[in-house]
Each structure stands twice: as C-alpha cells, then as structure tokens.
Amino acid sequence: MQLIPRQGRHLEARSSDGHTVAVLRGELDLVLVRRLRPELDALARESDVLTLDIRGLAFCDATGLGLLVRCAERTRERGARWRLLCDQPRILRLIRLTALDDLLRPETAPADGPAPRPEPDGAVSEAATARARRAE
C-alpha cells in the first residue's frame, strides 16, 4: 500500500517501499496532539516501518508522550517496525524519567542526515542507544 504524502506546518510524512518517515515540528502539547492523533493513527495502521522523527520538536508534555506511546504500541501490535528519532536532551530526559525508553527506544541521527533505515529485526543498535544516552 502506498501512503498519501502528508504535509503541514507540524507534520510531514513521506513513504517509500513500505517505510514511512513522519517528521513532527513545533510543540507537542494537548492542542497539537488533538490535531495529529488521527494522522498518526493512520500512519501507525498503514505503515510496514514507521519512523517518527521528533528532532524538530521544541517541547513535549505528558499528552505528547502519550501520543508517542500510542503510536509505538499500535505500530508494534500489527507486527510493523517502530523507530523514534530524537536528539532533544529535554525530551530524551523526559522519556528516561518516565521509564518509557524501553518502549519508545529513542535514537539519535545526524541533524542534517536522512532518517536511518531500520535494522532487519527492528531492533535499535547499541551505538544508537549509546548516542541517545550521551545526548542526555
């Protein structure tokens, strides 16, 4: 299935060969979560591999974390692969403090580089985990 590309002020999504990359920008708070939930639900439902790139977020509150958890769970429930790209120290710290790092598995990537491709088993490499921890 080929997903329709989505582009807006806070969400840009593109898909190729079953791999969807969704880039979020702005502040992931209650207001934005309400607008993005239907879009992210559709991406989680339709993607074979979903990479959520939140490196462009300036802020994330508890409702934003809830949306990330929902997206990760729904993606994995279908047997699809999930990736979360994050290099924001405050957001990485929030994920760690809420004990969601095992569920969300955040990893970093070069700021101007493309989203990395998933590993064959969907696991996060030890190097990516080490980079995420250093960013804290």
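Structure summary
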quantity	calculated
Residue-count net charge about Val31 - beta-carbon cut-off 15 Å; Lys, Arg +1, Asp, Glu -1	+1
Net lengthening on full extension, Arg76/Thr63 (0.36 nm per residue, minus Cα-Cα)	2.7 nm
Difference of contour (0.36 nm per residue) and Cα-Cα distance, Asp29 to Arg45	3.5 nm
Distance in nm between pseudo-label sites at Asp17 and Arg93 (7 Å out along the Cβ direction from Cα)	3.9
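Rule-based calculations on the coordinates, nothing more; no lab input. Everything numeric here is computed off the predicted structure, so don't read it as measured data. Every residue, glycine among them, receives a Cβ derived from its backbone with ideal geometry; neighbour counts consider all protein chains shown.
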